[in-house]
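Notes follow once the structure below has been shown.
The values are calculated or read from the model by the stated rules, or taken from the named source; none is laboratory data. No experiment lies behind these values; they were computed from the predicted model shown. Cβ atoms come from the backbone with ideal geometry, glycine included; neighbour counts cover every protein chain shown. Heavy atoms of the whole protein, side chains included, go into the accessibility calculation; ligands, DNA and RNA do not. Shrake-Rupley method; radii C 1.70, N 1.55, O 1.52, S 1.80 Å.
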Amino acid sequence: MAAVAAAQKNREMFAIKKSYSIENGYPARRRSLVDDARFETLVVKQTKQTVLDEARLRANDSSCEPEIEEPIQKVEHQVEDGADVGLTEEEVILQNAASEQADGDKVVQKAALVLRLKEGMNSVSRVLKTVEKYNGTVCHLETRPGKGESTQMDMLVKVEMTRQNLLQLIKSLRQSSTLTTVSLMGEDNISVKTPWFPRHASELDNCNHLMTKYEPDLDMNHPGFADKEYRARRKYIAEVAFAYKYGDPIPYIDYSETENKTWAAVFNTVKDLMPKHACAEYNRVFAKLEDANIFKADRIPQLEDMSKFLQSQTGFTLRPAAGLLTSRDFLASLAFRIFQSTQYVRHVNSPYHTPEPDSIHELLGHMPLLADPSFAQFSQEIGLASLGASDEEIEKLSTVYWFTVEFGLCKEKGEIKAYGAGLLSAYGELLHALSDKPELRPFEPASTAVQPYQDQEYQPIYYVAESFEDAKDKFRRWVSTMSRPFEVRFNPHTGRVEVLDSVDKLESLVHQLNTEVLHLSNAINKLKAPAL
């Protein structure tokens, strides 16, 4: 972990030393989902390696006599660069699950093993005998001719047994000279190393991990770094958010006169610019928010009022966030049509610049378009794609989010308009994006996802979507190429994310789709019918 700590320290020192200019308003945020996702990947990789190394050392220290009565021979896949790798990653996860709770080793586990056998049917009988010795039940068995030179047969066996016995079974099989490899493949049709992700909105209570590198207590360049009163205010609002649980009303924040004046300065500037530069969807919802008395120049809207408005328009709701969430946690919330929003306000000395998104950015930048059905659907699809995605794919999704939801442009009647929240709440960046200075490229997720981003100054490159519908279509096709070995969908009736990993679930989805198609067909026929 020393390397991780050093990397974090270097990043923080870089942030302190890095200077930036402000011209005609504030530039792009210095904090982004992409930056956080990349840092998370570093931490996850190094932390995971440490956990694996420790678990393998423990496994090598323990002794286990083989149950198959034959000469013990270390198989080739156990040796890498001359070192015994011991347990695989899947087995470490299984071992941790067995030890993290009382009697966890006695919990019955379903698992699939893929075995490569040297001696064909003779090896099969020995494997089954070993499963029996460890009190396991064979639920399914398949064989096929082996593909390797030293392998006569490949065998897939699904078993049920206690976690501890499963670990002992794997270790025993690996010590057999009649098997070349033993692989633990999965549990209940899903890989046991698939990362946990929330299946219901209530589980977002566990998705509030913060990236706190650039907050006023840490960043010397933060406008509130030397303001003790401001830092105390930020701490109070963060504690309110930390105490929030699913189902609670969003706490009311009694904003001060100073905070409301800061809001008014930005609100009036955005309102002057949006008719000319914002997309039609943004302007339409902005007017509705004014009519609903939620958007007013003299006071900051309360998240509870905004959440009720969004729910009535697109089903999106809000939950308070104490600060900048990790990329995975933030994107996961979008899968449930939930936007995690900060409630603190930028420092009064810098109303047109904030080192990290605040409530003004969230309210003016994000909320209007979350009330547009097409944009809300696009946001949810990004969230659904993130569930169970690899660290590398989270980085790509975060980059797509950065160049669309935060800094996206779209075509409208032959003109380029802004729909990104980072543009619609930052007038300097907005005017820059719509000038002839940056490069404008057509939105293509595959190339957008790997484009380096700029979070210190204005963006040199922006991506232009033909329309929200075109962006969604391209995004769906790109997501289908991701490596995630399963598909998910959000069930609006139960509020749960479902993994489509069985025939029963697929049949249920087909039934629902057939019902929707029937309603659509009936509606079309009634519209075509002549009036009586």
The set of residues whose placed amide H lies less than 5 Å from the amide H of R441, leaving out same-chain residues fewer than 5 positions away, is Y462, Y463, V464
Fully extended, how many nm does the chain gain between L520 and V450 (0.36 nm per residue separation, minus their Cα-Cα distance)? 21.3 nm
Sorted by packing (mean other beta-carbon atoms within 10 Å per residue), highest first, where do 502-513, 250-261 land? 250-261, 502-513
Rounded to the nearest 10 Å², what accessible area does W478 show when all protein chains are kept and the probe is 1.4 Å? 30
Assuming R0 = 35 Å, can you tell me the calculated FRET efficiency for the pair D227 and D205, based on Cβ-Cβ distance, to the nearest 0.05? 0.65
Integer Hz, Karplus 6.51/-1.76/1.60 couplings in order for region 228-245, x for Gly and Pro: 4, 5, 5, 5, 5, 5, 4, 5, 4, 5, 5, 5, 4, 5, 4, 7, 6, 10
Phi to ³J(HN,Hα) by Karplus 6.51 cos²θ - 1.76 cosθ + 1.60 over region 142-151, Hz, x for Gly, Pro: 9, 9, 8, x, x, 9, x, 5, 9, 10
Work out how much length S374 to S256 would gain on full extension: take 0.36 nm times their residue separation and subtract the Cα-Cα distance, in nm to one decimal. 38.9 nm
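How do 517-523, 228-234 rank on mean C-beta neighbours within 10 Å, highest first?
Descending packing order for the listed peptides: 228-234, 517-523.
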Sequence-distant or interchain residues sharing an amide H contact under 5 Å with A111, placed H: which? V159
Put one equal scatterer on each alpha carbon of region 251-343, apply the Debye formula with no solvent term, and list log10 I(q)/I(0) at q = 0.19, 0.22, 0.23, 0.26 1/Å to two decimals. -1.10, -1.29, -1.32, -1.32
Can you list the residues, at least 5 places off or on another chain, whose amide H is less than 5 Å from the amide H of R496, using H built in the peptide plane? N491
Given points 7 Å out from each Cα along the Cα-Cβ axis, report the A287 to D305 separation in nanometres with one decimal. 2.1
Mind computing the radius of gyration and Dmax over the alpha-carbon atoms of region 361-475? Å is fine for both. 13.4, 40
Using a Förster distance of 30 angstrom, determine the FRET efficiency expected from the C-beta separation of K106 and T143, and round it to 0.05. 0.45
Each residue of region 160-172 in order: what ³J(HN,Hα) in whole Hz does its phi give by Karplus 6.51 cos²θ - 1.76 cosθ + 1.60, θ = phi - 60°, with x for Gly and Pro? 10, 6, 5, 4, 5, 5, 5, 4, 5, 4, 4, 5, 5
